[in-house]
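Student: Quick one: the structure is below, questions incoming.
The values are calculated or read from the model by the stated rules, or taken from the named source; none is laboratory data. If you're wondering where the values come from, they're calculated on a predicted model, not measured in any experiment. Ideal geometry is used to build each Cβ from the backbone, glycine not excepted, and the neighbour counts take in all protein chains shown. Accessible surface is based on the protein model in full, side chains and every heavy atom, while ligands, DNA and RNA are left aside. Shrake-Rupley method; radii C 1.70, N 1.55, O 1.52, S 1.80 Å.
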Amino acid sequence: MRAFQFTQAKTVDAALDPGSRFLAGGTTLIDLMKLDVETPERVVDINLLPLARVEAAPDGGLKIGALVRNSDLAVHPEVKARYAVLSEALLSGASPQLRNMATTGGNLLQRTRCYYFRDTAYACNKRQPGSGCPAMDGYNRIHAVLGGSEHCVATHPSDMAVAMMALEAVVHARKDKRERRIALDELYLLPGTTPDKENVLEPGELITYVTLPKLPAGTKSHYLKLRDRAQYEFALASAAVVVSVSGGRIERARIALGGIATKPWRSREAEAALEGKSASEENFRAAAEAAMHGAKPLRDNKFKIELAKRALVRALTVMTA
Amino acid sequence: MATSVVGKEVTRVDGRLKVTGRAAYAVDHPIENLAYGVPVASAIGSGKITGIDASVAEKMPGVLAVMHHGNTEPIFRTAEPFERDSHPGENRPPFEDDVVYYYGQFVALVVANTLQQAQEAARHVKVSYDAKKPLISLDDPGAETKPTRRHYTRGDADAAFASAPVKVDATYVIPTETHNAMEMHGSIAVWKDGKFTLYETTQGVMNHQGVISQMLGVPVENVHVVSPFCGGGFGSKLFPWPQSPLAALAARTLGRPVQVTVPRSLMFTTTGHRPETEQHVRLGATQDGKLLAIAHEAKNQTSPMNDYVEGCTEPTPFLYSCPNVTAVQSLVTLNIGTPTSMRGPGTTPGMFALDSAMDELAVKLNIDPLELRLRNYAEKDESSNRPFSSKHLRECYQTGAEKFGWSKRNPKVGSMRDGNEILGWGMATCTWGAYRGGAQARVRLSADGRARVSCATQDIGTGTYTVMAEIVSDKTGIPLDRVDAVLGDSSLPPGPTSGGSSATATIVSAVAQASMSVMDDLFKLAVHTEKSPFNGADSASLVMSSGRVHKKGESPESGVPFEQLLKLRRIAALEQEAKTGGAPGREKYSMHSFGAQFIEVGWDPGIARLRVRRTLTVMDAGRIINKKAGGNQILGAVVMGIGMAMLEETVYDPRNGKPVNNNYADYLVATNADVPEQEVIFLEYPDLAIGEYGARGIGEIGLTGVASAIAMATYHATGVRVRELPIRVEKLLESRV
């Protein structure tokens, strides 16, 4: 770890230093600083900011402070009652110790587990633009089959963000005096030719809240995560489904997939394939096919395409049973 | 008379220290003026060092030295094979020359006042290389394959296989596995007045002492190894790895205590591993399932510095009855660090192949896999022609089958179900050699009413402290809370390495004999002491129980507490030592433990998810000294077996030989959530050929059947025969169940 300047901010205004990295739970930042992957000169601790509350939003939705810990959010009564997909996603992630530290804002921006990104002895277009991508012909079992480019196929690791994608969460961010709202789907950038640029936030811009819109009455939601072992592993494939069914017909569907793409993957193709259709296995299968259409496998991760389809079919089956 | 603690469920005497964090592991020892060494590891898989530029690092704050092959005193090779206790993890001492044999090899050591200073400076040591493409794969055409002397044959297996009416011919692959002990390898070396004190985490304090004495070129009595606790070894701490001689060398060079801890990432390269194996098994059998031929060929990776043989064919000659057997091993030298024993070495990977082939044979013959094993039951060891010292494998199979409900198994693939899940049932044979070596132990009875037992062995988490105390308590009747066990110190009477599941069998005899011997002294004292109630009596008429000396045939209450006799003579303590040798029956018998494992998996085809649902292990491992610690050994081994079967694999980047998943997040071991209901049954037939207590080792045998039982259960559930571990989702997607 390199030497760095450390300050603590007590107000949001004081925290907004464009030359600093924000330290919340530290579960990604500190980890990567130890590996020399992140080498900030200044770190500002934002844990004292008043952003750790979950409140009712005016539209009937939920307003979640950026510093709400994953473990607290997972068991919040409103989340459990109205946004089960989010609670399930949170509880499927990491370990209890990590969830006790990790925050809502930090989780959205957590960095990939790509082996080559995490080792500075390798080239990496995310770390050093233009240096190359050793994952392309390396061991790429955990890498993305959707959203990748020839420059980067690193998987976005978050479970929480996948659930929030299906909940159409909105991110509230502050920079200087400006506060803006960003639809979660628009927060993330595909790697394209600039995999080092992972989101639209500017230097010194801080996520302050995430809001979840109120769901239509009768909506049910579920998160299903598939992986090698039962706990403490990133998803090989996961599915977040938020659906309302009436008279055996799917009125509304919001679908997101995790573990298979370079960002939390909202699948409007799957949604379109489901809405207005009957809740049948055949239609679920068609939605899964639509979701994974155009997936590009690498040497070791072809199985993820089929696995993601099965995750989605099962999640839909459970929700509409 | 109080009943003995031997054979009971006894809680570990060191348990409280461990769970309250007060047990001081190697690098926990508070040492004044300690400096920290951080290794610089090679970033290439093969080649030569062309230069080491330490000019920046040397000027950084707190840096004391940057040591490498160009600027240090030599570290010597050990005198193996001519002298005992001289086995290092890797034959080549660190910094011997400028050659890089594998990724992660230590090429320099930065020593600084603090760990952080040393880490930071280590990043600024610039090493330049002349790199070659490393050999990483067992089937790399450039890799050299060497025969070994492990070659067993009886009858003519090739001919018998060729003419056998039913055949299985299959190849099984197990990837590299890394031990991943919780406590990282680490060493603190103190050099004072020409002597080393080494705080270590080791499975063998005596071997460690010998190796460091030889590598650093100092007389053996000038090396004192202290290792009171070991946070898991699983074989990776049997022998010293480079961090130990480097810590010693740095301490001597700088005249200051030095600690070197191996970071988790380098535990994947530089502290041993279970090497990748490829096993070709051919079985020939009659239509009614009698084996005619077993041909077992195994090859494994080794490093350019050591010829490490993973003895996969170890059990093949004796496990099943068969007239024609060949077992051959070969080595493939690759640019990967030196392999070493990992829990159940040889037999564990060997049994995955052999018993998987047996299941394939059972499927071909349409015979129940348990029945097939009974039809080929070895009544004697057909390789040595000796009787087994104590074999109750048939009872293991039967007890296990009954308890598991094996008779309800429908052999048809995918035919058994529980709700959404398809069930798969598998079983396997377990085996491990019964070993006992030589040991010395000392027992002391003190006037304060306490006993102390000491031996230069170590407790690697298996319960050795407790077992030593239990034996003293068994012999003297002194309650466990008044018996202190001392170990993990090379200045104590030489004891065994904790390896090969031999420590308990080795130590119990020495401790028992030392206990008897010190009691003899006590009885003599009792009959030659004025005011002693036994003054003038025949010492042979005395016994000790419940911690009291009394007449044979009378109650302990009739006698006196032993400490009273010592006080009468104003003696602080009596102490005796005993030295015992190998198993008395070793010339006459073939000595092995056996067992059977039954495992149920659940297969959810909709999401291609396979999980273990329950396991049952029945062990015939002689008498169990401590059922709690013993049961834990089997449970732990089964957990490790679930990891081996379904999760574990060290993945090397073919371009540079780096293990890409070199951390706890990416190298998957079983978590608590992966471990289902487990049951362990011990048959407990004492094996008197091994010693008075009849206890055989149990540290490793619990792992030997798990992978093949899971592979069998997986086939039963999914119809997919996985011959290459780990059994992961991509291999199961083809299932049509």
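Student: Take the conditions touching a Ser or Thr at 6+ places or on another chain (Cβ under 9 Å), open to solvent by 60 Å² or more (accessible area, probe 1.4 Å) and not in a strand (DSSP E or B) and apply them to B:Glu73. Does it pass?
Tutor: The answer is yes for B:Glu73.
Student: Same structure, new question: Pull up region B:718-737, narrow it to residues that are open to solvent by 40 Å² or more (accessible area, probe 1.4 Å) and either touching a residue at least 40 places away in the same chain (Cβ under 8 Å) or of a type in the set (Gly, Ala, Ser) (or both), then point me to the one that is farthest from B:Lys412 (Cα to Cα). Before you say what the answer is, go through the steps one by one.
Tutor: To start, the set of residues in region B:718-737 that are open to solvent by 40 Å² or more (accessible area, probe 1.4 Å) comprises B:721, B:723-724, B:730-731, B:734, B:736-737.
Checking which are either touching a residue at least 40 places away in the same chain (Cβ under 8 Å) or of a type in the set (Gly, Ala, Ser) (or both) leaves us with B:721, B:723-724, B:737.
On the way: B:Arg721: 14, B:Arg723: 20, B:Glu724: 23, B:Val737: 11 Å.
Taking the candidates together, the pick is B:Glu724.
Student: Still on this structure, I have one more. Out of all the residues in region B:637-660, which are over 21 Å from the mean Cα position of the chain (by Cα) and either within 9 Å of another protein chain (Cβ to nearest Cβ) or of a type in the set (S, T, N, Q) (or both)?
Tutor: Matches in region B:637-660: B:Val651, B:Tyr652, B:Asp653, B:Pro654, B:Arg655, B:Asn656, B:Lys658, B:Val660.
Student: Sticking with this one: Does A:Val210 meet the test of being in contact with a helix residue (DSSP H, G or I) (Cβ under 7 Å, 6 or more places away or on another chain), part of a strand (DSSP E or B) and at pLDDT 95 or above?
Tutor: So A:Val210 passes the test.
Student: Of all residues in region A:129-154, how many are buried (at least 24 other Cβ atoms within 10 Å of the Cβ), among the small types (Gly, Ala, Ser) and out of contact with any Leu (no Cβ under 9 Å at 6 or more places or on another chain)?
Tutor: Residues in region A:129-154 being buried (at least 24 other Cβ atoms within 10 Å of the Cβ), among the small types (Gly, Ala, Ser) and out of contact with any Leu (no Cβ under 9 Å at 6 or more places or on another chain): 1 in total.
Student: Yes or no: B:Pro411 open to solvent by 30 Å² or more (accessible area, probe 1.4 Å) and either touching a residue at least 12 places away in the same chain (Cβ under 8 Å) or not in a strand (DSSP E or B) (or both)?
Tutor: On the way: open to solvent by 30 Å² or more (accessible area, probe 1.4 Å): yes; either touching a residue at least 12 places away in the same chain (Cβ under 8 Å) or not in a strand (DSSP E or B) (or both): yes.
Taking the combined requirement at face value, the residue satisfies it.
Student: Run B:Gly45 past the list (1) assigned to a helix (DSSP H, G or I); (2) of a type outside the set (A, V, I, L, M, F, W, C); (3) buried (at least 22 other Cβ atoms within 10 Å of the Cβ) and report the number of the one that doesn't hold.
Tutor: Here B:Gly45 meets the rest and fails (1).
Student: Which one is farthest from the chain's Cα centre (by Cα) among residues in region A:1-33 that are assigned to a loop (DSSP other than H, G, I, E, B) and either within 14 Å of chain B (Cβ to nearest Cβ) or of a type in the set (Ser, Thr, Tyr) (or both)? So that I can check it myself, show each step before the final result.
Tutor: Taking region A:1-33 as the starting set, the residues that turn out to be assigned to a loop (DSSP other than H, G, I, E, B) are A:1-4, A:9-11, A:16-19, A:24-28.
Pick out the ones that are also either within 14 Å of chain B (Cβ to nearest Cβ) or of a type in the set (Ser, Thr, Tyr) (or both) and you get A:1-4, A:11, A:27-28.
On the way: A:Met1: 27, A:Arg2: 28, A:Ala3: 30, A:Phe4: 28, A:Thr11: 27, A:Thr27: 15, A:Thr28: 13 Å.
Among those that are assigned to a loop (DSSP other than H, G, I, E, B) and either within 14 Å of chain B (Cβ to nearest Cβ) or of a type in the set (Ser, Thr, Tyr) (or both), it is A:Ala3.
Yes/no per residue for (1) part of a loop (DSSP other than H, G, I, E, B); (2) within 14 Å of chain B (Cβ to nearest Cβ); (3) in contact with a strand residue (DSSP E or B) (Cβ under 8 Å, 6 or more places away or on another chain); (4) of a type in the set (Phe, Trp, Tyr):
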{"site": "A:Ala253", "(1), (2), (3), (4)": "no, no, yes, no"}
{"site": "A:Lys263", "(1), (2), (3), (4)": "yes, no, yes, no"}
{"site": "A:Ala287", "(1), (2), (3), (4)": "no, no, yes, no"}
{"site": "A:Ala290", "(1), (2), (3), (4)": "no, no, no, no"}
{"site": "A:Ile305", "(1), (2), (3), (4)": "no, yes, no, no"}
{"site": "A:Lys309", "(1), (2), (3), (4)": "no, yes, no, no"}
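Student: For region B:123-136, give me each residue that is of a type in the set (A, V, I, L, M, F, W, C) and either buried (at least 22 other Cβ atoms within 10 Å of the Cβ) or away from chain A (no Cβ under 13 Å) (or both).
Tutor: So in region B:123-136, the residues of a type in the set (A, V, I, L, M, F, W, C) come out as B:125, B:127, B:131, B:135-136.
Scanning region B:123-136 gives B:Val125, B:Leu135, B:Ile136.
Student: Now a separate question. Given (1) more than 18 Å from B:Glu577 (Cβ to Cβ); (2) part of a helix (DSSP H, G or I), where does B:Gln458 come up short, assuming only one miss?
Tutor: Failing condition for B:Gln458: (2).
To keep it simple, each residue is scored yes or no on (1) open to solvent by 70 Å² or more (accessible area, probe 1.4 Å); (2) in the same structural domain as B:Trp241 (by TED's automatic domain parsing).
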{"residue": "B:Asp98", "(1), (2)": "no, yes"}
{"residue": "B:Gly104", "(1), (2)": "no, yes"}
{"residue": "B:Gln116", "(1), (2)": "yes, yes"}
{"residue": "B:Thr145", "(1), (2)": "yes, no"}
{"residue": "B:Met184", "(1), (2)": "yes, yes"}
{"residue": "B:Gly194", "(1), (2)": "no, yes"}
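Student: Still on this structure: Could you check, for region A:209-225, whether at least one of its residues is away from chain B (no Cβ under 14 Å), among the polar types (S, T, N, Q) and open to solvent by less than 20 Å² (accessible area, probe 1.4 Å)?
Tutor: yes
Student: So which of A:Pro157, A:Pro195 ends up being modelled with pLDDT of 95 or more, within 14 Å of chain B (Cβ to nearest Cβ) and open to solvent by less than 20 Å² (accessible area, probe 1.4 Å)?
Tutor: Numbers: A:Pro195 fails: within 14 Å of chain B (Cβ to nearest Cβ).
The unique qualifying residue is A:Pro157.
Student: Ok, one more. State yes or no: is A:Leu190 at pLDDT 95 or above, within 14 Å of another protein chain (Cβ to nearest Cβ) and either outside any loop (DSSP other than H, G, I, E, B) or open to solvent by 20 Å² or more (accessible area, probe 1.4 Å) (or both)? Before you say what the answer is, go through the steps one by one.
Tutor: Details: at pLDDT 95 or above: yes; within 14 Å of another protein chain (Cβ to nearest Cβ): no; either outside any loop (DSSP other than H, G, I, E, B) or open to solvent by 20 Å² or more (accessible area, probe 1.4 Å) (or both): yes.
In short, no.
Student: Another question about this same structure. Quick one: what pairs do we get from region A:253-271, first residue over 13 Å from A:Leu224 (Cα atoms) and open to solvent by less than 10 Å² (accessible area, probe 1.4 Å), second assigned to a loop (DSSP other than H, G, I, E, B) and of a type in the set (Asp, Glu), C-beta under 8 Å, 6+ apart or different chains?
Tutor: Cβ pairs passing all conditions: A:Ala253/A:Glu275.
Student: Taking the condition part of a loop (DSSP other than H, G, I, E, B), farther than 21 Å from A:Glu186 by Cα, touching a Gly at 6+ places or on another chain (Cβ under 9 Å) and not aromatic (Phe, Trp, Tyr), does A:Cys114 pass?
Tutor: Here the answer is no, as A:Cys114 does not meet what is asked.
Student: Just for region A:50-83: of the residues that are touching a residue at least 60 places away in the same chain (Cβ under 8 Å) and part of a loop (DSSP other than H, G, I, E, B), which one is farthest from A:Ser95 (Cα to Cα)?
Tutor: A:Asp59
Student: If you don't mind, another one. Here's a check for you: in region A:227-237, which residue that is within 11 Å of chain B (Cβ to nearest Cβ) and under 18 Å from A:Ser267 (Cα atoms) is surrounded by the fewest Cβ atoms within 10 Å (Cβ to Cβ)?
Tutor: A:Leu236
Student: Right, next: Among the residues of region B:414-435, write down those that are under 30 Å from B:Gly500 (Cβ atoms) and open to solvent by 60 Å² or more (accessible area, probe 1.4 Å).
Tutor: Filtering region B:414-435 for residues under 30 Å from B:Gly500 (Cβ atoms) gives B:426-435.
Selection gives B:Tyr435 alone.
Student: Taking only region B:624-633 into account, find how many residues are surrounded by fewer than 24 Cβ atoms within 10 Å (Cβ to Cβ) and either within 12 Å of chain A (Cβ to nearest Cβ) or under 17 Å from B:Asp687 (Cβ atoms) (or both).
Tutor: Here the count works out to 1.
Student: Select from region A:88-111 the residues that are assigned to a helix (DSSP H, G or I) and of a type in the set (S, T, N, Q) and write down the one among them that is farthest from the other protein chains (Cβ to nearest Cβ). Show your work before the answer.
Tutor: Looking only at region A:88-111, we keep the residues that are assigned to a helix (DSSP H, G or I), and these are A:88-92, A:96-101, A:104-108.
Add one more test, that the residue is of a type in the set (S, T, N, Q), and what stays is A:92, A:97, A:100, A:104, A:107.
On the way: A:Ser92: 11, A:Gln97: 12, A:Asn100: 17, A:Thr104: 21, A:Asn107: 16 Å.
If we take residues in region A:88-111 being assigned to a helix (DSSP H, G or I) and of a type in the set (S, T, N, Q), then A:Thr104 is farthest from the other protein chains (Cβ to nearest Cβ).
Student: Let me ask you something else. As an exercise: evaluate A:Ser71 against (1) open to solvent by less than 20 Å² (accessible area, probe 1.4 Å); (2) under 19 Å from the mean Cα position of the chain (by Cα) and give the number of the one condition it does not meet.
Tutor: (1)
Student: Can you name every residue in region B:534-557 that is surrounded by 17 or more Cβ atoms within 10 Å (Cβ to Cβ) and either touching a Cys at 6+ places or on another chain (Cβ under 6 Å) or farther than 24 Å from B:Val453 by Cβ (or both)?
Tutor: B:Phe534, the sole residue that qualifies.
Student: To continue, here is another question. Can you tell me which residue in region A:165-180 is nearest to the other protein chains (Cβ to nearest Cβ), limited to those that are touching a residue at least 12 places away in the same chain (Cβ under 8 Å) and under 16 Å from A:Asn199 (Cα atoms)?
Tutor: Once the filter is applied, the top-ranked residue is A:Met165.
Student: Can you tell me how many residues within region A:292-303 are within 14 Å of chain B (Cβ to nearest Cβ) and outside any helix (DSSP H, G or I)?
Tutor: So the answer is 6.
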